[in-house]
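The values are calculated or read from the model by the stated rules, or taken from the named source; none is laboratory data. It should be emphasised that the depicted structure is a prediction, and the values quoted were computed from it without experimental measurement. Cβ coordinates were reconstructed from backbone atoms using ideal geometry, including for glycine residues, and neighbour counts include every protein chain displayed. Accessible surface is based on the protein model in full, side chains and every heavy atom, while ligands, DNA and RNA are left aside. Shrake-Rupley method; radii C 1.70, N 1.55, O 1.52, S 1.80 Å.
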Amino acid sequence: MAYHSTSGTANDTADFLARLKDFLVNTVGWTLHDDGSAEPEPYYVLKSSGESGAEDIYLRFIDDANADRIAVRGCLYWDPVTHAAVMEAYHGSYTYIRTVDASPFLYWLYADLDHVFVVTKVTTTYYGHYSGLIKRFWSGAVAVTQAAAGPGSDVVVPVNDASIFTVGSHYLIKDDAGIERVQVTAVDTAATPNTVTLANLVNGYAAGAKIGEDPQPVIVGRYQSPGSFYALNKFDGWSSASGQAGSCGAAHANFHTASNPDKRYGLVTMFPWLAAHTSAAYKELRGELIEVYAIGSGAADSEDVLDLGGTTYKVFNLSGPGWCAVKE
């Protein structure tokens, strides 16, 4: 599926939740994985396999009891039978889309099968929210296990393709129940199926589990995206809902005001928003946001459109990060 955008006026928070679901499902191609619209706190769980078709993205959008917001949560897996999440990523106070419960407000939606970026205008303030995959700096290639693997040492696991592994390197293994860091100590690409040997496996994993450098790099942003976020996992897996905290920083080193617009031709420079884990215990530059860019003030006004070589970008002065341009 391609990249899509739309905009409009929502009557209230409940109306916006329905419009967001309809856009992602009917226009972009996400799957409605669980419909909780009849619950006291209505929600939709949406699933996507990503643009590559090999991803696992589960996002839950909730019209919760807090005023003027749609809460957003990601998870390793959502069970549509028990209506329960496995290893969620969110923060109860911050990961939401800013809305208005009792009156109309403007919104802009931007999405593909990898991510969604939402802008809402409440009175005169623009709020952004980013959820889904980041453009990872590590490989997205995964090998799929061909049989269940139990916990233990020197565990030999059959996979569909062992050629993506380097002996001695560390990877993540995940299925719908768990995720952990493993070290590959041997690779056999001559065997049918191929096999990898894992130095130690703490948990058991079902057939169909995935092993790779960076599976499921899903983040859930705060209501002032780009900014702080909570990732589904980090280099060693998942520790708690908010245990994989991170933040976005624009890659302009404070030079953005010198180039927006520049003095030579009046051109505008757009800088990517980098996504990194920044806690004292764990620091890693992990990737960047998809189709959301930082620009300097003076390039345009909010809701103006920049045409950069035939591709257009909508400009917003967002609460928190400031001036941003989003691909239309």
Summing Lys, Arg as +1 and Asp, Glu as -1, what charge do residues with Cβ under 15 Å from the Cβ of residue 328 carry, residue 328 excluded? -3
Sorted by mean Cβ packing within 10 Å, highest first, what order do the peptides 173-181, 158-166, 254-262, 127-135 take? 127-135, 173-181, 158-166, 254-262
Sorted list, accessible surface of protein heavy atoms, 1.4 Å probe, largest first, for 91, 83, 277 is 83, 91, 277
In whole Hz, with x marking every Gly and Pro, tabulate ³J(HN,Hα) for segment 140-155 from phi via Karplus 6.51 cos²θ - 1.76 cosθ + 1.60, θ = phi - 60°. x, 5, 9, 9, 9, 5, 9, 7, 5, 10, x, x, x, 9, 6, 7
Give me the accessible area of residue 137, 1.4 Å probe, in Å² rounded to the nearest 10. 90 Å²
Measure of exposure for residue 75: accessible area at 1.4 Å probe, Å² rounded to 10, is 10 Å²
Amide H partners (placed H, <5 Å) of residue 286, local residues excluded: 275, 276, 277
Accessible area (Å², 1.4 Å probe, nearest 10) - residue 189: 80 Å²
Can you work out the Karplus-derived ³J(HN,Hα) for every residue in segment 50-56? Use 6.51 cos²θ - 1.76 cosθ + 1.60 with θ = phi - 60°, whole Hz, and x for glycine or proline. x, 5, 7, x, 10, 9, 10
Using alpha carbons only, how many angstrom separate the centre of segment 1-49 from the centre of segment 177-256? 26 Å
Expected vector for segment 219-231, Karplus 3J(HN,Hα) from phi with 6.51, -1.76, 1.60 and θ = phi - 60°, integer Hz, x for Gly and Pro, equals 10, 10, x, 6, 6, 10, 6, x, x, 5, 8, 10, 8
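Listed here are the pairs 121/263; 174/327; 47/234; 263/314; 263/283; which of them are more than 29 Å apart at the Cα?
Check vs 29 Å cut-off fails for 121/263; 174/327; 263/283.
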Within the accessible area of segment 89-169 (1.4 Å probe), percent carbon and sulfur: 51 percent
Could you let me know the centre-to-centre spacing of segment 61-123 and segment 290-328, using Cα atoms, in angstrom? 23 Å
Let me check I've understood the local charge: for residue 183, count other residues with C-beta under 15 angstrom from its C-beta, Lys and Arg +1, Asp and Glu -1. What total comes out? -3
Using amide H atoms built 1.01 Å from N in the peptide plane, name the residues 5+ places from residue 322, or on other chains, whose amide H lies under 5 Å from its own. none
Leaving out ligands and nucleic acids, and using a 1.4 Å probe, what accessible area per residue does segment 1-154 come to in Å²? 40 Å²
FRET efficiency for residue 163 and residue 22 from the Cβ-Cβ distance with R0 = 51 Å, rounded to 0.05, comes out at 0.75
